[in-house]
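Coordinate-derived values only; no laboratory data. Just so it is clear, the model here is predicted, and its values are computed rather than measured. Using ideal geometry, Cβ is built from the backbone for each residue, glycine included, and neighbour counts are taken over all protein chains shown.
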Amino acid sequence: MKLSHFLLALLCAALWGFGFVPSKYGAAHMPPLLFLALRFALIAGLTIWFTPLPRGHWRPLISYSLALGIGHFALLYVGLRLGVEATTASLIWLSQVPLTTLLAFFVLGDRPSLRTSIGMAIALAGSVSLIAEPRIAGEPVAITLVVLSAVLWAVAAIQAKRLPQLSPIAFNAWMALISLPVLVVLSLILETDQYDEFLVPDWRLHASLVYMAVLSSIAGYGIWFYLLRRHSVSSTAPFLLLVPIIGVVSSIATLGEPFSWRTAISGLITLAGVALIVIRRPTAATVTPADP
């Protein structure tokens with residue numbers, strides 16, 4: 001990998017890693033479903049004009065969009081709203097990789113190697129240790145939603161294998177556009193004061209929205225797919241290991257979140273397990289990662 005592509009890979013990891021900060025800030029200062037709906041509206045508004053209609057592929061695309069846009073992202077944002085810290089969410093993000101590998105085995109018959117199986121066991125053990133920490137376990141509903149969001153991301157990753165070969169712009173555009181009306185309806189039913197919350201004169205809130213839509217989603221996915229077209233997944237996937245590290249550091253530095261030794265050890269265990277999976281044996285989880 002030449003230097004320019006190496007730097008692009010680092011930039012992509014940084015964009016996604018830091019994305020946990022604006023995700024947490026946005027979900028904490030605006031109704032989370034509204035924040036997500038506005039994010040998707042901005043993504044669709046900026047990209048839908050450059051993507052053709054996915055004729056003949058509507059059913060798998062709708063299924064994928066609902067699993068990712070409504071299932072994964074909505075549960076994640078609501079969990080952040082209910083109290084899950086960005087540092088914790090960034091470490092749980094890692095569990096998407098072993099969960100997808102495990103689901104691929106049961107659904108697609110994709111039998112993992114011994115190395116991958118050991119990596120899955122280590123990563124899931126680290127995630128369980130993290131969730132069991134008293135400070136985190138004290139928010140059972142919130143942490144359950146974030147864990148379920150990781151499970152639904154794994155479901156979406158499996159569904160993505162049935163999708164046509166779309167560009168990263170098309171993936172983002174149609175997922176956002178299909179999910180948007182559902183999120184609007186859910187926000188109207190489940191949330192209140194949306195109009196007043198949106199008009200709050202908080203530049204950090206609106207900057208968080210722009211960051212997640214433009215930098216994390218559009219730019220991040222654009223860079224990632226650009227690299228995947230020029231390099232093997234096995235050479236690009238290791239950069240994903242930087243995402244939770246950047247997420248933890250940036251969340252502590254900017255949001256002032258606490259961080260214990262037990263959290264650090266659990267995160268390192270999870271990171272080690274995921275490293276065993278992605279460095280030698282790429283999986284669906286490493287092909288289409290989800291930004292926060």
Column: log10 I(q)/I(0), Debye, Cα scatterers of segment 1-109, q = 0.14, 0.15 Å⁻¹:
-0.81, -0.92
Debye-sum result for segment 3-287 in log10 I(q)/I(0), which assumes one identical scatterer on each alpha carbon, at q = 0.07 Å⁻¹:
-0.23
Could you order the peptides 120-133, 239-252, 195-208, 42-55 from most to least packed, using the average number of other C-beta atoms within 10 Å per residue?
239-252, 120-133, 42-55, 195-208
What translational D, rounded to a whole number of µm²/s, comes out for segment 176-279 from Stokes-Einstein when the hydrodynamic radius is the Kirkwood one over Cα pairs, at 25 °C and 0.890 mPa s?
142
Report, in whole Å, the centroid distance computed from the Cα atoms of segment 39-55 and segment 85-136.
32
Looking only at Cα atoms, what is the convex hull volume of segment 136-209 per residue, in Å³?
157
Virtual spin-label span in nm between Tyr226 and Ala121, 7 Å along Cα→Cβ
4.2
Taking Thr270, Thr192 and counting other beta carbon atoms within 10 angstrom, the fewest-first order is Thr192, Thr270
Test of understanding: what is the full-extension gain from Val141 to Ile189, defined as 0.36 nm times their sequence separation minus their Cα-Cα distance?
15.3 nm
Extension gain Glu197-Leu10, at 0.36 nm per residue separation less the Cα-Cα distance, in nm?
63.9 nm
Size-normalised alpha-carbon gyration radius of segment 36-80, reference 2.2 N^0.38 Å
1.31
